[in-house]
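Here's the structure we're looking at; comments come further down.
The values are calculated or read from the model by the stated rules, or taken from the named source; none is laboratory data. Just so it is clear, the structure is predicted and the values come from calculations on it, not from any experiment. Positions of Cβ are backbone-derived with ideal geometry, glycine not excepted, and every protein chain shown enters the neighbour counts.
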Amino acid sequence: MIDLVRLHVKAGDGGRGCVAWRHEKYYPNGGPFGGDGGKGGDVWFQVDTNETTLTKLRFTKTVKAGNGMPGLTKKKHGKSGDDVTVYVPLGTMIRNAANNDLLADLTKPGQKVLIAHGGRGGLGNMHFATARNDTPEYAQPGEVGESLDLIIELRLLADAGLIGFPSVGKSTFLSIVTAARPEIAAYPFTTIEPNIGVVSLPDERSFVLADMPGLIEGAGEGKGLGHEFLRHIRRCRVLIHVIDMSGEERDPAADYEIINRELKTYDLSLEEKPQIVVANKMDDEYAPEYLDEFRKKYPDLKIFEISAVRHEGIDAVLYAAMAMIEEARENEALLEEEPEETVVYRYEPKRPDFEIIPQGPGRWKVESEKIDRLFDTIDFDKEEEVYQFAHTLTRMGVDDALRNAGVKDGDQVIVGTFIMDFKE
Ligand SMILES: Nc1nc2c(ncn2[C@@H]2O[C@H](COP(=O)(O)OP(=O)(O)OP(=O)(O)O)[C@@H](O)[C@H]2O)c(=O)[nH]1
Ligand SMILES: [Mg+2]
């Protein structure tokens, strides 16, 4: 079943700032004139209700937004990188694969979230003129765009879900109350993916109904089609628990208890979900006897007697489901008044930018991916670039961290492939 996909996303890198000089008739030694790099494109996700599966994403390994272009002379900005938008079905959840954090829960048609931010463009040399130096040879490199692995999960958004053992008549029920045409057959696991349909009541109210593959003993631990679709069940507001009362191949009371136990094993909260108990196949000659026994065991339970094949007792189930769904929707509306309607967390790498590692007496190493990346962009023959680099390290807090670590005047500090003397 296609509802869990891994995807790598990479936002665009910012373009490099430009180093350029003004050369005009009246400005023979014009000042710095290099523009900023363009911003890297962002990666967005948006709900498209025409999409119903994640199949397309299964074949997409990586989604990449465009890089920003380098800055240009005459203070012109580089062009920004193009954003990309990934279209997903309603009910899609996006997690950060590194720590399983929920980044977005897309529950509204058209909902759009920014998942990976493009890097900022580097500043051109026009920003770096100072009193000390009015010919800065330095421009910033662009910021690297965010990059992360996602786990994308689709959970069916149905108001009600039909659950029960295989072959109890779940798909038959769905087929007579909605326009859905699921496969129906006398062998178990006919349904291997949920089917979905809309139930329209004569009074114009409606709800979304899904049948589920049959559950069996051990499903809570993954037996049968187990976990594959138990996660869909979590999202239904109401469960319609169908029991085969013909007693032909099984004991209805045992079935009822096993299913409830499996739900609970999978997720404790499933026990609290409103449930409608439906006794199906009441057209069978032994069914009334089994039903009597069943009632004796659960005297307080409300049981809906139906025959799906004869279309008997169906409306009562639909109205009961509708009432419970409306109640659940109202409760959700109350909850939604709290601000956390859509969960969208900004992706933040958790690691510090750098680490100071002692390398023996009087020697220290600054270890940092970020600084190494920056280091690669520096031309160490240009005094201005070295000066800017040192300044960036100070701004990042490297000097303070070195002092805190116990570095003294004259100690050697290794940064990238460079060894510098530490001077206060
Ligand atoms: N006698 C009788 N048979 C029924 C009734 N409802 C369904 N059936 C039969 O039971 C068998 C299984 O029906 P399905 O609707 O495919 O059952 P299911 O619960 O969807 O089964 P899985 O998809 O395998 O989990 C079919 O042969 C149906 O014709 C009913 O009310 N009475
Ligand atoms: Mg079925």
(request) Pull up segment 394-413, narrow it to residues that are more than 38 Å from the chain's Cα centre (by Cα) and small (G, A, S), then point me to the one that is surrounded by the most Cβ atoms within 10 Å (Cβ to Cβ). (result) A405
(request) Tell me, yes or no, whether segment 212-219 has at least one residue that is modelled with pLDDT under 90, touching a Leu at 6+ places or on another chain (Cβ under 7 Å) and over 15 Å from K170 (Cα atoms). (result) yes
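Residue by residue, here is whether (1) among the small types (G, A, S); (2) assigned by TED's automatic domain parsing to the domain that holds H8; (3) closer than 25 Å to N195 by Cβ holds:
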site: I115; (1), (2), (3): no, yes, no
site: G118; (1), (2), (3): yes, yes, no
site: L123; (1), (2), (3): no, yes, no
site: N133; (1), (2), (3): no, yes, no
site: D149; (1), (2), (3): no, yes, no
site: T172; (1), (2), (3): no, no, yes
(request) Could you tell me which residue of segment 178-197 is nearest to ligand 1 (Cβ to nearest atom), considering only residues that are touching a residue at least 24 places away in the same chain (Cβ under 8 Å) and outside any loop (DSSP other than H, G, I, E, B)? (result) N195
(message) From the list A129, A98, A65, A116, exactly one residue is in contact with a Pro (Cβ under 6 Å, 6 or more places away or on another chain), among the hydrophobic types (A, V, I, L, M, F, W, C) and away from ligand 1 (no atom under 16 Å from the Cβ). Which is it?
(response) A129
(message) Would you confirm, using the coordinates I've provided, whether S269 is surrounded by fewer than 20 Cβ atoms within 10 Å (Cβ to Cβ), polar (S, T, N, Q) and within 31 Å of the chain's Cα centre (by Cα)?
(response) yes
(request) Restricting attention to segment 93-138, report how many residues are hydroxyl-bearing (S, T, Y) and touching a Lys or Arg at 6+ places or on another chain (Cβ under 8 Å). (result) 1
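Criterion first (within 30 Å of S246 (Cα to Cα), crowded, with 19+ Cβ neighbours inside 10 Å and touching a strand residue (DSSP E or B) at 6+ places or on another chain (Cβ under 8 Å)) does L90 satisfy it?
no
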(message) I need every pair where a residue in segment 401-412 that is over 16 Å from G360 (Cα atoms) has its Cβ under 6 Å from the Cβ of a residue that is hydrophobic (A, V, I, L, M, F, W, C), sequence separation at least 6 or different chains.
(response) A401/I356
(request) Being within 27 Å of the chain's Cα centre (by Cα) and over 27 Å from R329 (Cβ atoms) narrows it down to one of K223, K264, K281, so name that one. (result) K223
(message) Go through segment 98-126 and report how many residues are more than 19 Å from G40 (Cβ to Cβ) and not in a loop (DSSP other than H, G, I, E, B).
(response) 6
(message) Can you tell me which condition S175 does not meet? The list is (1) surrounded by fewer than 23 Cβ atoms within 10 Å (Cβ to Cβ); (2) of a type in the set (S, T, N, Q); (3) within 20 Å of C18 (Cα to Cα), and all the others hold.
(response) (3)
(message) Given the criterion more than 13 Å from ligand 1 (Cβ to nearest atom), in a strand (DSSP E or B) and at negative phi, identify the matching residue among E153, E143, E217.
(response) E153
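Consider D101 carefully, then state whether it is farther than 30 Å from A131 by Cβ and surrounded by fewer than 20 Cβ atoms within 10 Å (Cβ to Cβ).
yes
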(request) Look at segment 356-398 and say how many of its residues are of a type in the set (K, R) and assigned to a strand (DSSP E or B). (result) 2
